[in-house]
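Chemist: Here you go, one structure.
The values are calculated or read from the model by the stated rules, or taken from the named source; none is laboratory data. Because the structure is a prediction, the values reported are computed rather than measured. When we count neighbours, we look across all protein chains shown, and the Cβ atoms used for this are built from the backbone with ideal geometry, even at glycine. Quick note on the areas: whole protein, heavy atoms, side chains included, nothing else; ligands and nucleic acids left out. Shrake-Rupley method; radii C 1.70, N 1.55, O 1.52, S 1.80 Å.
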Amino acid sequence: MNLYKLLLHKMQAMIEDKITRLYNMKRSAEGGGGNDKIEAQHSKGKLTARERIDLLLDQNTFLEIDKYVTHRNDDPGTKKYYGDGLITGFGTVNGRQVFIYAYDFTILGGSLGEMAAKKIVKIMDHAMKAGAPLIGILDSGGARIQEGVMSLDGYGDIFFRNTMASGVIPQITASIGPCAGGAVYSPAMTDFVLMVENVGQMFVTGPEVVKEVLSQEVSFEELGGARTHATKSGVAHFIAKNEYDCMDKIKKLLSYLPQNNAEEPLLIESNDDPNRIDGNLVNILPENPYQQYDMKEIIKSVVDSAEFLEVHELFAENIIVGFARMAGRAVGIVANQPLYLAGALDINSSNKAARFIRFCDAFNIPIITLVDTPGYLPGTDQEHNGIIRHGSKLLSAYCESTVPKITCIIGKAYGGAYIAMGSKNLRADINYAWPTAEIAVLGPEAAITIIHRRDLKQSPDALATKKKLAKEYRDKFANPYIAAEKGTIDLVIDPMETRPMIIRGLDALATKREARPWKKHENMNL
Ligand code: HXC
């Protein structure tokens, strides 16, 4: 072998060594916390962070960055792992770009240290610059105890970016495991939180702390399980049966959203005729206005192919919010639900609808409001817990939104609730009403006990008089025609033509431009 060949051989061997080193590191990084930890993860019925990313992203599109980052704390007891308990990168979902991070519970319980936080911050910055959705998959013990204030500062950096990204790119979080301490606040600052049943848990302080401080016994599930957050706290917008269902729901949700606030949502070709009428629609309403009916039947009849992605399905069920399409265009639906609390507005429903309206407005999604509400829920519970403060958020949300807004009053629209539910004066663009609409300051019974108090007192048969007066009131005031005369209802429509009328309105408003005065931000009644 001559000298040249020998040198070449040595160089090749050196390069091979270097490449072997890379592949060893890659194998080690992809092995997470080791086989034992992966088995433990699987035995809890959970997928690993990598398996989750693979499930969500289009095949072979994931490009991982910061794979070889390790922690740099000087605690000799904290083992170094490539990736530092977090996987970050980019890929596509149904061909559209997303940025993603997933906590790896197999490494130090997915706890967040300084370097892991830097990885999240980097991917958030990428998502912002690219103008693409950010998806976080959580399974974490919270701030890494060994890294003290560096870990806490890391959360601070993440919270700052969550705030900057809010209203600019969609942010979605899935809680698929414990999310403790600091790990819960970042999700809360994102647009949508999904939790997997019996797996996702979110709490600021865990059951042990609750027991120590308050001497209360509470299970993980009861304190912060998926059902608790989907029904009681409203932290979870979606509840998933399992991780597969969770990823499907994220994909579905993304399909309604634009990539960022400078874009419109995708227009999808629809097979559903935009001029389709539904002669059965009016039959959904009961003859007696005090009987219940399911508003979701009306929503499904009106939207494309009866497809409706409900948000916050189990929270504040007296109002319905969610995404659908009309003639292929994504819309946000807000509707009272007479099946719960007769569709009355209360604290939780006001918060729920206000947040949804603000999301739609930020991301150029028109808002369709369907109204049937007897008013605000009365009582000390509501008043003492701040219905005035919370209820006003719904007013602000409608007032500040500038996307196309179409409202259709179906049944009752009384008092403050009439104003709050996308009325003309809160700047809805088109206001329709069915002939069955009842628009008035108060419902008949409440109104006549005030304006006819004396007549009722003097009447020998108060009940019969009340009935007669209520009928007179309903005929005179509880209809859509007074509002139509004043122009606050643009048109009274035949119920069967609701779908074509909304679609024609959306077509007319597609190029709508409306500005609000410049301000640093509104001082919303939080
Ligand atoms: C470092 C942690 C950790 C943490 C878990 N681990 N949490 N390491 N910092 N915060 C480690 C464990 O030591 C263990 O390591 C491994 O992760 C798995 O944890 P287990 O307890 O064995 O798992 P499990 O029984 O499933 O319980 C998971 C858990 C529990 C519920 C998350 O670990 C837990 O309660 N952790 C602490 C949660 C917490 O209080 N965090 C708050 C931090 S304060 P080994 O080596 O044994 O595998 C905070 C403040 C921020 O976040 C506030 C910002 C506003």
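Chemist: Within the group ILE100, ILE107, which residue is of a type in the set (Val, Ile, Thr) and more than 15 Å from the ligand (Cβ to nearest atom)?
Modeler: ILE100 is the lone residue from the list that is of a type in the set (Val, Ile, Thr) and more than 15 Å from the ligand (Cβ to nearest atom).
Chemist: Scan the helices (runs of 4 or more DSSP H) fully inside the range 195-308 and keep the ones with 3 or more residues being within 16 Å of the ligand (Cβ to nearest atom) and open to solvent by 30 Å² or more (accessible area, probe 1.4 Å).
Modeler: 207-214, 220-224
Chemist: Name the residues in the range 131-154 that are under 22 Å from the mean Cα position of the chain (by Cα) and more than 28 Å from GLU39 (Cα to Cα), would you?
Modeler: Residues satisfying the conditions are GLY131, ALA132, PRO133, LEU134.
Chemist: Would you confirm, using the coordinates I've provided, whether ILE502 is on the phi < 0 side of the Ramachandran plot, open to solvent by less than 50 Å² (accessible area, probe 1.4 Å), touching an Asp or Glu at 6+ places or on another chain (Cβ under 9 Å) and part of a helix (DSSP H, G or I)?
Modeler: Here the answer is no, as ILE502 does not meet what is asked.
Chemist: Determine whether the range 119-136 contains at least one residue that is closer than 21 Å to LYS26 by Cα and within 16 Å of the ligand (Cβ to nearest atom).
Modeler: The answer is yes; a qualifying residue exists.
Chemist: Could you count how many residues in the range 271-304 are among the hydroxyl-bearing types (Ser, Thr, Tyr) and at pLDDT below 95?
Modeler: 1
Chemist: I'm told THR511 meets every condition in (1) polar (S, T, N, Q); (2) surrounded by fewer than 19 Cβ atoms within 10 Å (Cβ to Cβ); (3) in contact (Cβ under 8 Å) with a residue 12 or more places away in the chain except one. Can you identify the failing condition by its number?
Modeler: If we test THR511 against (1) polar (S, T, N, Q); (2) surrounded by fewer than 19 Cβ atoms within 10 Å (Cβ to Cβ); (3) in contact (Cβ under 8 Å) with a residue 12 or more places away in the chain, just (3) comes out false.
Chemist: When you look at VAL492, is it closer than 30 Å to SER396 by Cβ and open to solvent by 50 Å² or more (accessible area, probe 1.4 Å), yes or no?
Modeler: Against the criterion (closer than 30 Å to SER396 by Cβ and open to solvent by 50 Å² or more (accessible area, probe 1.4 Å)), VAL492 does not qualify.
Chemist: Scan the range 167-187 for residues that are under 25 Å from LEU253 (Cα atoms), near the ligand (Cβ under 7 Å from one of its atoms) and either assigned to a strand (DSSP E or B) or without any contact (Cβ under 8 Å) to a residue 12 or more places away in the chain (or both) and report the count.
Modeler: Of the residues in that region, 1 qualify.
Chemist: Report, ordered by the first and then the second residue, all pairs with beta carbons closer than 7 Å, sequence separation of six or more or different chains, a first member in the range 198-218 that is within 15 Å of SER233 (Cβ to Cβ), and a second member that is open to solvent by 70 Å² or more (accessible area, probe 1.4 Å) and assigned to a helix (DSSP H, G or I).
Modeler: Once the first residue is within 15 Å of SER233 (Cβ to Cβ) and sits in the range 198-218, its partners that are open to solvent by 70 Å² or more (accessible area, probe 1.4 Å) and assigned to a helix (DSSP H, G or I) give GLN201/PHE220.
Chemist: Moving to a separate point now. Return the residues of the range 106-126 that are small (Gly, Ala, Ser), open to solvent by less than 10 Å² (accessible area, probe 1.4 Å) and part of a helix (DSSP H, G or I); say none if nothing qualifies.
Modeler: GLY110, ALA116, ALA117
The rows are residues; the columns are (1) within 20 Å of LEU56 (Cβ to Cβ); (2) out of contact with any Phe, Trp or Tyr (no Cβ under 8 Å at 6 or more places or on another chain).
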| residue | (1), (2) |
| --- | --- |
| VAL168 | no, yes |
| THR173 | yes, no |
| TYR185 | no, no |
| LEU194 | yes, no |
| GLY200 | yes, yes |
| LYS211 | no, yes |
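Chemist: Please find, within the range 139-166, the residue that is nearest to the ligand (Cβ to nearest atom) out of those that are part of a helix (DSSP H, G or I), closer than 21 Å to LYS79 by Cα and hydrophobic (A, V, I, L, M, F, W, C).
Modeler: So, considering only residues that are part of a helix (DSSP H, G or I), closer than 21 Å to LYS79 by Cα and hydrophobic (A, V, I, L, M, F, W, C), the one nearest to the ligand (Cβ to nearest atom) is ILE145.
Chemist: Inspect the range 250-270 for any residue being of a type in the set (Gly, Ala, Ser), within 19 Å of the chain's Cα centre (by Cα) and within 30 Å of HIS126 (Cβ to Cβ) and give the result as yes or no.
Modeler: yes
Chemist: Give the residues of the range 441-463 that are free of Cβ contacts under 8 Å to residues at least 40 places away in the same chain, among the small types (Gly, Ala, Ser) and crowded, with 19+ Cβ neighbours inside 10 Å, sorted by residue number.
Modeler: Passing the criteria: only ALA447.
Chemist: Is it the case that GLY182 is more than 16 Å from the chain's Cα centre (by Cα), among the small types (Gly, Ala, Ser) and either on the phi > 0 side of the Ramachandran plot or open to solvent by less than 10 Å² (accessible area, probe 1.4 Å) (or both)?
Modeler: Considered against the rule, which asks whether it is more than 16 Å from the chain's Cα centre (by Cα), among the small types (Gly, Ala, Ser) and either on the phi > 0 side of the Ramachandran plot or open to solvent by less than 10 Å² (accessible area, probe 1.4 Å) (or both), GLY182 comes out as no.
Chemist: Please tell me if GLY136 is part of a strand (DSSP E or B), touching a strand residue (DSSP E or B) at 6+ places or on another chain (Cβ under 6 Å) and on the phi > 0 side of the Ramachandran plot.
Modeler: Considered against the rule, which asks whether it is part of a strand (DSSP E or B), touching a strand residue (DSSP E or B) at 6+ places or on another chain (Cβ under 6 Å) and on the phi > 0 side of the Ramachandran plot, GLY136 comes out as no.
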